[in-house]
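Bear in mind that the values in this text are calculations on the coordinates, not laboratory data. Quick caveat: nothing in here was measured; it's all calculated off a predicted structure. Virtual Cβ from ideal backbone geometry, glycine too; neighbours counted across all protein chains shown.
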Amino acid sequence: MSMKSTSSPRRVYSRNGYTHVLYAGDVFGIKGESKINTKFPVRIEGNGDGSITVTQRAPKKAGVSETWTKVRVPCHERA
């Protein structure tokens, strides 16, 4: 399986209270409230300090940018 290029749009996921995205083999995200909508893809730019800037342009809305860091999303067993 090949990795996506750094400039390609990425899908955003939401699980267990974390909004997150996969980038460069790691999981980056934010816990709690985020202005990023999981229905639309995002573009990512690495900051060089271990964080990324996530930018989203939804149709007919202003662009949204947030800085995310590496996170560990907890996995709960399914019942």
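Descriptive notes on the structure:
- Translational diffusion of the chain, estimated by Stokes-Einstein from the Kirkwood radius over alpha carbon pairs at 10 °C in a medium of 1.306 mPa s, is 120 µm² per second.
- Sparse packing (at most 10 other Cβ atoms within 10 Å of the Cβ) combined with a DSSP loop state is found for none of the chymotrypsin sites (Phe, Trp or Tyr not before Pro) in the chain.
- For q = 0.19, 0.23, 0.27, 0.33 Å⁻¹, Debye-computed log10 I/I(0) when each Cα of the stretch 1-47 counts as one equal scatterer: -0.61, -0.87, -1.13, -1.41
- Cross-link reach list, lysines versus Lys61, counting only Cα pairs under 22 Å and skipping chain neighbours closer than eight places: Lys35, Lys39
- With contacts taken as Cα pairs under 8 Å at a separation of at least 6 residues, the stretch 13-70 carries a relative contact order of 28 percent.
- Dividing the convex hull volume of the alpha-carbon atoms in the stretch 39-79 by its residue count gives 94 Å³ per residue.
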